[in-house]
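> Dumping the structure here so I can ask a few things about it.
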Amino acid sequence: MESDLRMAYLAGIIDGDGSLSLIRKQEKDSVSPLYYPCMQLMNLDQGIINMFKSQFGGNVGVKKAYVGSDGCKRREIHRWKLEKAPKCYPVLNDLINYLIIKKDRAQLLLQYIKDNPFKRGQGTLTFDVLQNRHSTYLKMKSLNESK
């Protein structure tokens, strides 16, 4: 019961302040781009970020306070980030039943991970595989832009 309540709470934070995305990265020496899932959360409260780090692992960072080009003061903000399928899959799997706003994005990432297992050194990918990955990337991008 307590575990369900905690997962619901963490999912609510992701729904509100989190980001679920599929990153496209093209290495200069690589033939085809690399696509990988990414989960992020930015918040003014370092305690929330530390809670995600202790629950799920990942990386944390901080963007120091600064004065923007518009002259407004920006406060220090903390970031939690989790990348790549092996790390994102279990977290998405734990949170998906509690997500509301970003459930469609989580489902898309989970399906992407299942359909595209990473194997180092698998050689050049077929046109169909690359097209499918890029199509999923564009779909995720449109979900993130539309809401």
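The values are calculated or read from the model by the stated rules, or taken from the named source; none is laboratory data. Everything numeric in this text was worked out from a predicted model, so none of it was measured. No Cβ is skipped: glycine too gets one built from the backbone with ideal geometry, and neighbour counts run over all protein chains shown. Accessible surface areas use protein heavy atoms only, side chains included; no ligands, DNA or RNA. Shrake-Rupley method; radii C 1.70, N 1.55, O 1.52, S 1.80 Å.
> Assess whether ASP15 counts as being open to solvent by 80 Å² or more (accessible area, probe 1.4 Å) and either under 30 Å from PHE127 (Cβ atoms) or modelled with pLDDT of 95 or more (or both).
For ASP15, the condition - open to solvent by 80 Å² or more (accessible area, probe 1.4 Å) and either under 30 Å from PHE127 (Cβ atoms) or modelled with pLDDT of 95 or more (or both) - is not met.
> Quick check on this structure: which one of LEU82, LEU138 is farther than 23 Å from GLN46 by Cβ and aliphatic (A, V, I, L, M)?
When all the criteria are applied, what remains is LEU138.
> May I ask you to list the residues in the range 57-81 that are within 30 Å of ARG133 (Cβ to Cβ), of a type outside the set (D, E, K, R) and either touching a residue at least 60 places away in the same chain (Cβ under 8 Å) or open to solvent by 30 Å² or more (accessible area, probe 1.4 Å) (or both)?
ASN59, VAL60
> Identify the residue in the range 97-119 that is among the aliphatic types (A, V, I, L, M) and more than 13 Å from the chain's Cα centre (by Cα) and, among all such residues, is surrounded by the fewest Cβ atoms within 10 Å (Cβ to Cβ).
Looking at the filtered set, the residue picked out is ILE100.
> Is there a residue being in contact (Cβ under 8 Å) with a residue 12 or more places away in the chain, assigned to a helix (DSSP H, G or I) and either open to solvent by 70 Å² or more (accessible area, probe 1.4 Å) or under 30 Å from LEU125 (Cβ atoms) (or both) anywhere in the range 18-39?
No, the range 18-39 contains no residue that is in contact (Cβ under 8 Å) with a residue 12 or more places away in the chain, assigned to a helix (DSSP H, G or I) and either open to solvent by 70 Å² or more (accessible area, probe 1.4 Å) or under 30 Å from LEU125 (Cβ atoms) (or both).
> Show me the helices (runs of 4 or more DSSP H) entirely contained within the range 70-147 in which 3 or more residues are more than 19 Å from TYR35 (Cβ to Cβ).
85-95
> Out of the range 40-56, which residues are open to solvent by 20 Å² or more (accessible area, probe 1.4 Å) and either among the aliphatic types (A, V, I, L, M) or assigned to a loop (DSSP other than H, G, I, E, B) (or both)?
Selection gives MET42, LEU44, ASP45, ILE48, MET51.
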